[in-house]
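Here the structure is laid out as structure tokens; the discussion comes afterwards.
Every number here is computed from the coordinates shown, using simple stated rules; none is lab data. All figures in this text were calculated on a predicted structure; none of them were measured in a lab. We place every Cβ from the backbone using ideal geometry, glycine too, and count neighbours over all the protein chains shown.
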């Protein structure tokens, strides 16, 4: 199994005139690897997964794999609110060569905890590669309870969780009640340093598109006992991180990458639209002040 206790980016999908912009994708991937990012999630929320076709998912995965090589961890987001559909995409992702799958809590249909446990257990049975749970109640409404996470952590190939509630006390409880091998990944950039101090292992990040070196360095600082230094650095970039979430992700991060010259267009697929102009200009000013552009 590859190392998922890492600094990973939940990759956007660049578009140009309605199609996937593979030239911009290559530019982004090379910039990320150059700046120390240790893994990617493809077809996650940040990739606008609901609007991608299976053919596009496969082509994107193949393109990224060709750029990073066989040893670089690539995780495919495969979750939906249908267990059968999640299994289908998980099986395809394994065939394509994904190193793991990231499975979000089913959204909209609001299953009870016993339904969530059954859902993730059945998905895990459908593949032989590692499974990462994804708890993001801000998007799914339904949230995995501690007891459900602990139970699922004992399923053979469920190896960890992306925990995006931003509740550090909840994260601490998960860590205390699961094996040290159970991978704890932050899905909340603003609380990442505190997450690491609580015993977290890494991140699946949006902000790492824009400040990859910094996101990598904070983990090293906390592991080296330099929590206060990491916290001070995070506070410096907190206004920028906040800008990345003033509208639905990935609207702002695409605009930020466009300002950085890494992608050719901030285009999104409906129902998402490009960033509000006033908000975009405020973000641009902060990016300039921080030397990001």
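Structure notes:
- Enumeration of residues in segment 3-24 that are in a loop (DSSP other than H, G, I, E, B) and either buried (at least 16 other Cβ atoms within 10 Å of the Cβ) or touching a strand residue (DSSP E or B) at 6+ places or on another chain (Cβ under 6 Å) (or both): 4, 5, 6, 11, 12, 13, 14, 21
Okay, residues lined up against (1) farther than 24 Å from residue 198 by Cβ; (2) part of a helix (DSSP H, G or I); (3) in contact (Cβ under 8 Å) with a residue 24 or more places away in the chain; (4) in contact with a strand residue (DSSP E or B) (Cβ under 8 Å, 6 or more places away or on another chain):
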site: 213; (1), (2), (3), (4): no, yes, yes, no
site: 216; (1), (2), (3), (4): no, yes, yes, yes
site: 225; (1), (2), (3), (4): no, no, no, no
site: 230; (1), (2), (3), (4): no, yes, yes, no
site: 235; (1), (2), (3), (4): no, yes, no, no
site: 248; (1), (2), (3), (4): yes, no, yes, no
site: 254; (1), (2), (3), (4): yes, yes, yes, no
site: 257; (1), (2), (3), (4): yes, yes, yes, no
site: 262; (1), (2), (3), (4): yes, no, yes, no
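- Flag for residue 57 being in contact with a strand residue (DSSP E or B) (Cβ under 8 Å, 6 or more places away or on another chain), assigned to a helix (DSSP H, G or I) and surrounded by 22 or more Cβ atoms within 10 Å (Cβ to Cβ): yes
This table checks each residue for (1) over 30 Å from residue 257 (Cα atoms); (2) out of contact with any strand residue (DSSP E or B) (no Cβ under 8 Å at 6 or more places or on another chain).
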position: 146; (1), (2): yes, yes
position: 162; (1), (2): no, no
position: 175; (1), (2): yes, no
position: 209; (1), (2): no, no
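- Condition met for residue 106 (touching a helix residue (DSSP H, G or I) at 6+ places or on another chain (Cβ under 7 Å), surrounded by fewer than 19 Cβ atoms within 10 Å (Cβ to Cβ) and either in contact (Cβ under 8 Å) with a residue 12 or more places away in the chain or at positive phi (or both)): no
- Where residue 177 falls short, out of the listed (1) touching a residue at least 60 places away in the same chain (Cβ under 8 Å); (2) in contact with a helix residue (DSSP H, G or I) (Cβ under 6 Å, 6 or more places away or on another chain); (3) more than 22 Å from residue 290 (Cβ to Cβ): (1)
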